[in-house]
Amino acid sequence: MEFTKEERAEISTQIALLREQLSPLLHPDDERKLRELLDNDQERHYMQGGVFGLNPLLFGLQTALIALEETGLKREGVLSIIIYSCRMTDQHSLEELGNMFGDGVARILHGLIRVQSLYKKSPTVESENFRNLLISFAEDLRVILIMIADRVNLMRQIRDTDKEEERRRVSEEAAYLYAPLAHKLGLYKLKSELEDLSLKYLEHDAYYMIREKLSATKRARDAYIERFIGPVEQKLREAGLVFHIKGRTKSIHSIWQKMKKQKCGFEGIYDLFAIRIILDAPESKEKMQCWQTYSLITDMYQPNPKRMRDWLSVPKSNGYESLHITVLGPENKWVEVQIRTERMDEVAERGLAAHWRYKGVKGEAGMDEWLANIRAALESNDDLQMMDQFKMDLYEDEVFVFTPKGDLLKFPKGATVLDFAYHIHSNVGNRCVGGLVNGRMVPVREPLRSGDTVEILTSNNQKPKVDWLSIVKTSRAKSKIRLALKETQVKDGLYAKEMLERRFKNRKVEMEEAIMSHLIKKLGFKETSDFYKQLAEEKLDPNYVIEKYVELRAFEQGNAPQAPVRSAEEFNYENPEAAYTRQADDVLVIDRNLKGIDYQLAKCCNPIYGDSIFGFVTVNGGIKVHRSDCPNAPELRRRFGYRVVRAKWSGKGSSQYSITLRVVGNDDIGIVNNITSIISKDEKLVMRSINIDSHDGLFSGILVVQLDDTSRLEALVKKLRTVKGVKQVERI
């Protein structure tokens, strides 16, 4: 690239300015090595003017001077800017450059190359996420400072370009990306310049209208500030306060934003400037002197109570302390006055983000402390030794990744491809089988890293799995997986139920809900959904279920109140002495094969095998079998002793008998589950019903259970009494 005469003259001027400020910090051979490197690059035609045709060496020198004067960068930063500006192609390795100029220069150049690679992903730069990614991706803070200085210089140089579209793009990036970054770093002068130049290029008419009106009113504005300050200074001095007063005019961009927000003209903006009173007060008297100043000013000028902001009593969350009031000054004009001490002003100006957070920009965790360290380093006059070791850990708990379209998404550190998929859409997550990260195929559990471009791979055959809950990091993904698993379980349950009903139909067995519910509990399932889930997962054989169903139905139908009867001859064979003519000596033998005798088990006492029993002849000739301790037994014997028949059990058989138990105890959490669990675990027990009544911390439960004999009853009662909280178990 050939240099013009004017460019050579300007280059010489810039070099002289840089040498004047930087020469004590340069290494002996720095200038010689840099000149040789740049001469070599020029001979090989590596220097290119870029889209605006700017001289790369001159541009680099101008940027370096801005970085030197405005951001505090020294030797390594300046050398990196010049090398990077002149070498758009990476002909020299970073290792070689590190050997020539030191590891610090190589690290900065590596960060600049990494950041530049982000732009190739076509990102949406106006997003907060992109700003955060830029900071975390740069690795070294000085990379961000260089980028801000570079954009300020570029905005200055493209004033007269005829490339309108490119200038618009650069200006939009300056407004959306670089001005907020400069603001975060406390570089308020550069931030204002970027905003004003962006407005100048993007909204030309508005910029020049405001600038002209500010110029036209400057003399009057300065005179007014003097008239306002004069009496205030006198009063404060008389009170013995030590202070100084500053007046500042709002930037053109700030005025334009306010005009748009308030929907008014330039004349409608009454707070074009603010007065700042900064007190030199010992820390123990800071608040007292601030309020004393407030009292003195409001005695002179009428305050607007609606526009008072007291950040003395309750400082902002970032530590910002100040007292803001708006008073009616001379000529009935409203004036904003900020009252603070030297310490408070130092905190506010030191990059603690007080101003930009006040304007509504919300910071990330750890931002305040980070910015304070940056500002302290920028204000030091050394070679930024602290900055050389500075590694960005501001966003160590976050990662920023791109979609294929260039959109930028933020995730917590440790998030995976599956988190990304569920962030896109539930259906994408549910069908995710993996992803392409920077074109490389990875599994669903692959962790995301800042700067990755992620594309999700899906399959219609994929379904959410329980172990996915341990893969994802975000609560959003976890909740969506749980919901999907629940929906899948319901869907699979319906499918299993339909399948079972078809099997029943094929076997010509009618399914009754009551018997099926009983069977599900007998099979050990507390929830019907768990039963159908195991059917769907083929952990339970439908044929086995049908066989058990048929057995249970047969048993329940065979256990009807009307028992099978047998002939009198067989009865006499088994008990030849039994005769109804001498009832006192007769013994009725209750056996499952008894026929010819119409007997029933009495409902009032529900006798079971093993109980002491007697028979009672009813008026229609049948016999009711009662327990010997039946509540009705004394009355039956007293009034109808002639109808009482002795009875005994003969042979246990396979019958089950219904008994009723009353359980009383403390109403503890889970006590009902513990009771029903004991019954459901015993295959020889069937619970017919349970009714619970709870009152004043106590419960009383009535259980109806089917079992074989008294020995099983005694075992059941013994187990129930061991349940924590159970006080009493009795048969009724």
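The values are calculated or read from the model by the stated rules, or taken from the named source; none is laboratory data. Please read these numbers as outputs of a predicted model, since none were measured by experiment. Note: ideal-geometry Cβ built from the backbone for every residue, glycine included; neighbour counts use all protein chains shown. Accessible surface is based on the protein model in full, side chains and every heavy atom, while ligands, DNA and RNA are left aside. Shrake-Rupley method; radii C 1.70, N 1.55, O 1.52, S 1.80 Å.
Of Lys413/Lys480; Lys465/Lys526; Lys539/Lys684; Lys191/Lys263; Lys478/Lys522, which ones are farther than 31 Å apart at the Cα?
Checking Cα-Cα distances, Lys478/Lys522 exceed 31 Å.
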For the range 522-531, Karplus couplings with θ = phi - 60° (6.51, -1.76, 1.60), whole Hz, Gly/Pro x | 5, 7, x, 9, 7, 10, 4, 4, 5, 4
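Take each of the peptides 450-458, 228-236, 717-725, average the number of other beta-carbon atoms within 10 Å over its residues, and list them starting from the highest.
Output ranking for 450-458, 228-236, 717-725: 450-458, 228-236, 717-725.
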Compare Lys684, Lys413 by solvent-accessible area with a 1.4 Å probe and give them largest first, with all protein chains kept in place.
-> Lys413, Lys684
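Under 1.5 on a/c is rounded, so check that first for the range 415-491, then, if it is not, pick prolate when a/b is larger than b/c and oblate when it is not; a ≥ b ≥ c are the square roots of the alpha carbon gyration tensor eigenvalues. Kindly include the intermediate steps, with their values, before the conclusion.
Values: a/c = 2.29, a/b = 1.63, b/c = 1.40.
Verdict is prolate for the range 415-491.
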